[in-house]
Structures are given as C-alpha cells and as structure tokens.
Amino acid sequence: MLGKVYTAALMGVEARLVEAEADVSKGLPFFNIVGLPDAAVKESKVRVRSALINSGYKGPASQRCVINLAPADLRKEGSGFDLPIALSMLHAGKLIKDDHLKSTLFFGELGLDGALKPSPGALIFALLARKKGFEKMVVPTPNANEAAVVSGVKVFGASHLDQVVEFLNNQIELRQAEVSLSQLFSNAGDYEHCLSEVRGQESAKRALEVAAAGGHNLLMIGPPGSGKTMLAQRLPGILPELSSEEAIETTRVYSVLGLLHNELPLITLRPFRSPHHTISDAGLVGGGVYPRPGEISMSHNGVLFLDELPEFKKNVLEALRQPMESGAVTISRAQGSLTYPARFMLIAAMNPCPCGYLGDSQHLCRCTPRQVRQYRSKISGPLMDRIDLQIEVPAVRYRELAGEALADTSANFRERVQRARAVQEERFSRSRIHCNAQMGNRNLQKFCKIDDASHQMLENAVDRLGISARGWSKILKVARTIADLDGQLNILPRHVSEAISYRLLDRANA
C-alpha cells in the first residue's frame, strides 16, 4: 500500500517541493527513512511511531514501513517532516481520503502524544505553495499566522494529529488563519528612540541624515560617552518604512531561524543588530555544518551596528568586505552552497586611540603615536574604503547637555530622508537599485556628473589625501545624496565639498 503527501525542504531562504512517500506492508515491524535525511529527520521515525500509537492509529505503526523523501538527492533537515511522514503512512493505510492531499502542503513537528509543534520556515513554505499552485496549507497553530501573511493560499492551523486526519476526512472544519497586512504595518513607524533625545552633535546628526538618505555606511570616531551608540540606535527611526516586498525579504531570514511567532508573523520595522565584538566570523556572516544565517543577514534591509570596531577580530571584519559590495553572502560547504541576503547599512563606532581621549581637551591622552597607528591599523584599508562617511563625534559640552532639547525629531529627519529616497526610487525605477549607495560604475557616470569647479576640488582632494578609486566613487555617491536632500538636480561644488569633509581618516592620514 502506497501513500503520498506533499511537503517542502528549506534551502537557505528558498524552499524545494518534497514528496513524502510511504510504503506500508505486512510483516515484522520495520521503519526506515530514505532520501538524504539528517539526524533530526532520522529521529522522526521514533516521534511519528509514538504519535501514531498514542493517537489511536496502531495499524500503520506496527507494520513494515519505508518512507522515501523525494527528490532523493536533496538533503532534508529539521523536524518539520514529522506530520507529512505520519500522514503518508495513514494514507497508505487507507485511513485518510485523497480529496485534499493533492492540493495541500503539510509540515510540522509531532510530539509523542500527537500534538503539533511549530517548525521554522512557514513563510517560505507558503511562498512555495503559492508558486506551485497549492490551494491549502495545514501547519501547526503557532505557525498559522506566519504562513497566512502570503496571500493566495488558504492556511489552516491544527494543534493535534487527530484534527488533521479528521479535517482531511471531512469530519471537522479547521479555522482558516487570516492576517491583516495593513494592521501589521500600522505600527511600522513606532520606534523607541528619537533623535531629539541626543543633545548637541548637530554635525553628526547631519551625517546620519545623509547616510540614511542614500543608504551609506558610516563610521563614527569619538571619545567614550560622546553619544556614538545613541546616534546609531536612532538611525532606524529616520529610515524609510519597509515596503511589503522588503518586509517579506527580511522576514524570510527570521523564518529560517524560527524567530517568528503568531503575534509577530511579519517583520515590519527595519532590523537593528548590534553583535558583541567577541562574535566569530560564522556568527557574523553565517555558517555551521548546515549553514545558517548570521548577523549580517539578520540585518538585511536594516542596520548592522559594530561598536568598538577595532576590537573585532581581523578575520571577522575582513569577512564583511564581499557582502558589503554584493548585498548577499554565499556559504559553501561540501554538501553545497547557500546564499543569504545581506543588504545592510553598516554603522560602526570606535575611539580615536586605545585610551579613547586623543584630541580631547578635557582628558589627557597617554597613547604614543605608534600605539595609535597600531590601534587604527586593525581596520584594513579595503574595509575603510567601503565606508562612505567617516566623521568625528566630539565630547558634548555641559551647556549642550543642560540646555533645552531641539525640536528636530526623528519624524522630521525621516520626512527629509523619504523625500530624498523618493527621488532615488524614481531615478532607479528601471533597475534593481533602491538608493545611491548601490550605484555601479555605469550609474555613477550617468547620474553623478559634476562641473569643472567640482572636478578641480575633487582632484585636489584625491591628490592631497591619497584617496583610492573606490573612495573617489564613494565621495560622488555621497555628493549625489546631499544634492537629493538639497532638492538639486545637479551636483554642485558645495555638495562635493561636504562629501569630502566626511572622509575623516583620509584627512588624518594625509
């Protein structure tokens, strides 16, 4: 007797259709799973057998059974195959009808008592189900809202194996999960922190606004307590709201990691990730025996904040270089390669020297020039070239701390940023580029034309500061963003001058 049920396997942030086939026959009790299962899938036979027996389906569980997860050359991971395996055995034993099986996708982990437990990847499976033309999905109740975010597929949540069987036999009706995207996005602008809370640092706020408007990377250099972390934490609050497409892209990553729940089935706020400097390269970029997303993928469409930048291991920082350029990270293992999205804004902070007080009029710096060079040399030139804005964040004076807060809130900054981003969206409407920071050489030549005075200014800066070709292109991109904020069609000399002023370390090394 043969039975077949449709499910899916995760492949990075994508999913592949899998057929769970069961061959149940008379004979001594035997249970085997084939089709490149990992350890968690191999253990399914223990969970599934106990779940079937404790749910009253002793027949299939006490016979000879072989499960094939096709295609056989695709590696299967995770506990989400429990429910499809159990249903394929029941189908083979003629205990469930065929009516719904061909049009329904199943997944979920089973407890020993038959209870359904959540599994990662519900959103990704729902996207696959819509793409492949499935009408329905049956998932554990805690995964129902996550899957229901995808329109075009009816999602039913169940809490026990018995409920699924009775639903397939038309004995009961399962409640269809429904999610209102408009309601989920209604709180998309609610951020905890506001830029009006930061006293002083007006030049740093301006640099933050430029970075947000063009999607540029930013490095802040200043003594301890000058407000670098406060500024970074408030950056997501001035970025444009996530579009529905960006929200789905971001949620895919969190779905793979199993970090979603029914109350928050969709990521509607731009992520802000701030890993500790002791993080490994696998933790930051992603990796493992079976590659998982790292912090840079969890920052997709958001902000990755690296505080105390020179304290990170050199190999960890160097691993950032390729994702910062391509917007994705590919992790290769013997079993194959997986690609995760990683289009993020890098915001970094560091002290000017090991003690932190170089150039501070209120504190004495005891670091030698050699110690300062060694400290700064921990950040390689190629990585520094990929950071568009490098600014100084000086210590805040008492008058600024004790004075009244300025009225310029994050909402005001966001309004200006959104106007600049709207210009960029129109400019790049025929490409996959969303902001100035993502421009390639062709777009740079087309949209970043400058006059003779700006050419002369830029030539002097490149010769005097020793700016590289990549640094030159970064200046042009930042100047284009400043012009967009200024409402100017053409890049003017004042825009180029301001962009050059954001190359702090180039000036320091000149």
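Annotations
- Rounded to the nearest whole Hz, the Karplus-based 3J(HN,Hα) values (6.51 cos²θ - 1.76 cosθ + 1.60, θ = phi - 60°) of the stretch 231-246 follow the sequence 5, 4, 5, 9, 5, x, x, 10, 7, x, 5, 5, 6, 4, 5, 5, with x at glycine and proline.
- Computed FRET value (nearest 0.05) for Gln183 with Arg333, which takes r as the C-beta separation and R₀ as 60 Å: 0.90
- Extension gain, Gln171-Ser151: 0.36 nm per intervening residue step, less the Cα-Cα distance, totals 4.6 nm.
- Ranking Val496, Cys194, Leu266 by Cα position along the charge dipole of the chain, where only Lys, Arg, Asp and Glu carry charges on their C-beta atoms, puts Val496 farthest toward the positive end.
- The reciprocal of the average 1/r between distinct C-alpha atoms defines the Kirkwood hydrodynamic radius, which for the stretch 1-117 equals 13.8 Å.
- Sequentially through the stretch 27-41, phi angles give Karplus couplings (6.51, -1.76, 1.60; θ = phi - 60°) of x, 4, x, 8, 9, 9, 10, 10, x, 6, x, 8, 4, 5, 6 Hz, Gly and Pro residues having no value and appearing as x.
- What the Cα convex hull of the stretch 168-217 gives, in volume per residue, is 148 Å³.
- Of the residues Asp23, Asp73, the one with the largest accessible area comes first in the ranking Asp73, Asp23, computed with a 1.4 Å probe on protein heavy atoms.
- Exposure check, 1.4 Å probe, all protein chains in place: Met230 carries approximately 70 Å² of accessible surface.
- Long-range HN-HN contacts of Gln390 with modeled amide H, under 5 Å: Leu219, Arg503, Leu504
- Ligands, DNA and RNA left out, the accessible area of the stretch 173-240 computed with a 1.4 Å probe is 43% carbon and sulfur.
- The chain: angle of helix 122-132 to the longest principal axis, Cα-based, in degrees nearest 10: 70
- Nearest-ten-degree value, helix 469-485 long axis tilted from longest Cα axis of the chain: 90
- For Lys449, the lysines whose Cα falls under 19 Å of its own Cα, not counting residues fewer than eight places away in the same chain, are Lys474, Lys477.
- Cα principal axis extents for the stretch 83-216, largest first, Å: 73, 31, 23
- Nearest-ten-degree value, helix 452-465 long axis tilted from longest Cα axis of the chain: 90
- Here the ratio of the Cα radius of gyration of the stretch 42-95 to 2.2 N^0.38 Å is 1.12.
- In summary, the lysines within cross-link reach of Lys205, defined as a Cα separation below 18 angstrom excluding same-chain residues under 8 places away, comprise Lys228.
- Taking 4.7 Å between beta carbons as the limit, the unpaired Cys residues of the chain are Cys65, Cys194, Cys355, Cys365, Cys435, Cys448.
- Convex hull of Cα atoms in the stretch 136-211, direction-averaged projection (nm²): 8.0
- Net charge dipole, the chain: roughly 1100 debye, given to the nearest 20, about the Cα centre with Cβ charges of +1 for Lys and Arg and -1 for Asp and Glu.
- 5 Å-binned pair-distance histogram of the stretch 200-254 (Cα, whole percent): 4, 16, 24, 20, 15, 10, 8, 3
- log10 of Debye I(q)/I(0), alpha-carbon scatterers only, for the chain at 0.08, 0.10 Å⁻¹: -0.61, -0.83
- In the context of the full set of protein chains, residues of the stretch 357-510 present 60 Å² of accessible surface per residue (probe radius 1.4 Å, heavy atoms only).
- For the pair Leu401 and Ser274, a Förster radius of 30 Å applied to the C-beta separation gives a FRET efficiency near 0.80, rounded to the nearest 0.05.
- Taking the charge dipole of the stretch 75-213 about its Cα centre, with +1 at Lys and Arg Cβ atoms and -1 at Asp and Glu Cβ atoms, the residue from Ser103, Asn169, Leu87 reaching farthest to the positive side is Ser103.
- Computed over the stretch 172-259: relative contact order in percent, which uses C-alpha pairs under 8 Å that are six or more apart: 33
- Converting phi to 3J(HN,Hα) with the Karplus coefficients 6.51, -1.76 and 1.60 and the offset θ = phi - 60°, the stretch 78-90 yields x, 9, x, 8, 4, 4, x, 5, 4, 5, 5, 5, 5 Hz in sequence order, with x at every glycine or proline.
- Student exercise, the stretch 406-456 dipole from Lys, Arg, Asp, Glu Cβ charges, in Debye to nearest 20: 320
- Probe 1.4 Å, accessible area per residue of the stretch 121-172, Å²: 34
- Charge-dipole axis of the chain as Lys and Arg at +1 and Asp and Glu at -1 on Cβ define it, positive-most pick from Cys448, Val393, Leu465: Leu465
- Inter-centroid distance (Cα atoms) of the stretch 271-327 relative to the stretch 7-41, Å: 34
- In plain terms, the chain from Asp463 to Gln371 could stretch by 30.4 nm, reckoned as 0.36 nm per residue minus the Cα-Cα distance.
- Long pairs among Lys58/Lys154; Lys102/Lys131; Lys26/Lys58, criterion Cα-Cα beyond 19 Å: Lys58/Lys154
- Scanning residues 5 or more positions from Ala328 or on other chains, those with amide H under 5 Å from its amide H are Ala342, with H placed 1.01 Å from N in the peptide plane.
- Calculated diffusion of the stretch 340-400, Stokes-Einstein form, Kirkwood radius summed over Cα pairs, 20 °C and 1.002 mPa s, µm²/s: 154
- When DSSP beta bridges are restricted to pairs lying wholly in the chain, around 50% turn out antiparallel.
- Stokes-Einstein D (µm²/s) once Rh is taken as the Kirkwood radius of the stretch 282-362 over alpha-carbon pairs, at 25 °C in 0.890 mPa s: 176
- Only DSSP H runs of four or more residues enter the estimate; each adds -39500 (n - 2.57), and after division by the residues of the chain the mean residue ellipticity at 222 nm equals -10500 deg cm²/dmol.
- Computed over the stretch 232-333, the range of Cα coordinates on each principal axis works out to 37, 33, 24 Å, biggest value leading.
- For the stretch 279-334, the dipole from Cβ point charges (+1 on Lys and Arg, -1 on Asp and Glu) about the Cα centre works out to 280 debye, to the nearest 20.
- Order by protection proxy (mean Cβ within 10 Å, highest first), peptides 359-371, 452-464: 452-464, 359-371
The values are calculated or read from the model by the stated rules, or taken from the named source; none is laboratory data. Please read all numbers here as calculations on a predicted model, not as lab measurements. Positions of Cβ are generated from backbone atoms using ideal geometry, with glycine treated the same way; all protein chains shown enter the neighbour counts. Ligands, DNA and RNA are excluded from the accessible area calculation, which covers all protein heavy atoms including side chains. Shrake-Rupley method; radii C 1.70, N 1.55, O 1.52, S 1.80 Å.
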